[in-house]
Every structure is written in C-alpha cells, then in structure tokens.
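**Student:** This is the structure I want to talk about, given as structure tokens.
The values are calculated or read from the model by the stated rules, or taken from the named source; none is laboratory data. What you see is a predicted model, and the numbers here were worked out from it, not measured in a lab. Here the Cβ positions follow ideal geometry from the backbone for every residue, glycine too, while neighbour counts run over all protein chains shown.
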Amino acid sequence: MDAILSTLIGAVLAILTTIAVEWFRRPALRFQIAQPHDNDYGNRQSSPARKARFLYLSVLNSPLPRFLRWMSRNPAIDTWGMISFHHQDDGQDVFGRPMPVRWSGSTEPPIAAQTGVVMDSDWLRSLYRRDIQPGESETIDVSGRFDDDQSCYGWSNENYFSKPLWRNPRWELGVGRYIIRVEMRTSGQKFVTYFRLCNEGTRDSFRLELAQSSDEKRLQMRMR
C-alpha cells in the first residue's frame, strides 16, 4: 500500500511540476511608450504630407525571472491585437469599434496607385500578426498627425489605401485627450493595457502618456 501511495504522490507531483513549468514559460507581454518619430517628406509630390509625427508602443515578450533562467520563455506566436479610442471624460468609445493593430516596420501594403486596390490580400493579412521571441520586442503603430492639421488619425494598414491617403476618416480624432485601450492576443492569452493619447497644441506636443488608474476604472465601468 505504501508503495502504491508513494507512486501516486510522485505522479501527482510530476504532473503539478509540469503544469507549473508550462505556466511560467507562457508568453508574458509588456507594453511601453516608444519614442515618437518625426518625418520630413520635403516637397515630394507623391507624399500625402510634408511633415508627420507618428506615435508607437513597444510590445515586449518579457524574459523569465533570473531564478527561472534555466528554462526558456515561449515565443509569442501569431500575436495580433486591437486598439480602441475612448473619450477621456466619460470613457465612451469614439468609433464604436476597435482598430486592427499594424506592426511598425512592416512593408507598406502594395497598392495600385490609381485604384487603391490591394494587390495581395493574403500577404496583407499577414501584416496583422507577428512572432515575438522571449526577451525581444516589436513596435506597433498607434496614431499619426500631419502638417498643420489639428486632427490626428489612428494608424493602421487601412491608411495606406484610404481616401484621402493617410488621413483615414474612419480613424480621425479631433483636438483633445483620449484613452486608448490596447488588447493583444497570443497563444490563447489576452493582454490588455491603457494609455493616454494627447492631441492638443502643436504637432510637436502630440504624444502618448501613461494612463491613470482612474482612466482604467472609467473604461472598465463603461464596458461592463
């Protein structure tokens, strides 16, 4: 009987250890504000704007804690996400729908210049998903503001074939402050975080900020 009990306990401990190891090895995404990028397109006739500022977020697949470095974190496979924009005062969704995330640095979608037709829809779909190795990060686009415009625009792959180009009216945000809700999914997990988007003053002051706990509570209450 003792031998059977010992075997049973050993089997249970082995199962629990395996579960614990796999739990620790799961992808763990963290989000940080990346440096804004200012572009000067000069007088290029083909450019929809002369100057632009783009806002980004960095998505990190955190490495394991030091005491667990004898294992390796799993990569975040086929990671995709959505961003929704909300009024800061009451948390109301500005557009009533989320914007699909665009991974920064992706090749611009191939477009027939005159017709705006996407040339390879399967390839375009792949731009929405990315693998993130443990300890490494990828950047996602959030918003862009152009020339002396007062409005800014949520930035996604759609902006490369919107009418007008870049200034996609489906994602136009007027002057003000907004809360953005970022939701990323990978390997059966969901990660949610919040930031403030500040679209006030000149283009140089266009920026992202950390959200306050009151911002998160306001949105969470609104979404119940």
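**Student:** What are the residues in region 171-189 that are closer than 15 Å to Met82 by Cα and at pLDDT 95 or above, if any?
**Tutor:** Residues satisfying the conditions are Trp171, Ile179, Ile180, Arg181, Val182, Glu183, Met184, Arg185.
**Student:** I've got another one for you. Could you tell me whether region 181-204 includes any residue that is in contact with a strand residue (DSSP E or B) (Cβ under 9 Å, 6 or more places away or on another chain) and assigned to a helix (DSSP H, G or I)?
**Tutor:** So far as region 181-204 goes, yes, one or more of its residues are in contact with a strand residue (DSSP E or B) (Cβ under 9 Å, 6 or more places away or on another chain) and assigned to a helix (DSSP H, G or I).
**Student:** Specify the residue that is farthest from the chain's Cα centre (by Cα); the eligible residues are those in region 125-179 that are within 13 Å of Trp103 (Cα to Cα) and in a loop (DSSP other than H, G, I, E, B).
**Tutor:** Leu127
**Student:** Kindly state which strands (runs of 3 or more DSSP E) lie completely within region 1-76 and contain at least 3 residues that are at pLDDT 70 or above and surrounded by 14 or more Cβ atoms within 10 Å (Cβ to Cβ).
**Tutor:** Here the list reads 29-33, 51-61.
**Student:** Moving on. Can you find, within region 184-219, the residue that is surrounded by the most Cβ atoms within 10 Å (Cβ to Cβ) among those that are free of Cβ contacts under 8 Å to residues at least 24 places away in the same chain and of a type in the set (Val, Ile, Thr)?
**Tutor:** The selected residue is Val192.
**Student:** Still on this structure, please answer the following. Can you name the residue in region 161-174 that is out of contact with any Gly (no Cβ under 9 Å at 6 or more places or on another chain) and without any contact (Cβ under 8 Å) to a residue 60 or more places away in the chain and is also farthest from Gln150 (Cα to Cα) among such residues?
**Tutor:** Out of the qualifying residues, it is Pro169.
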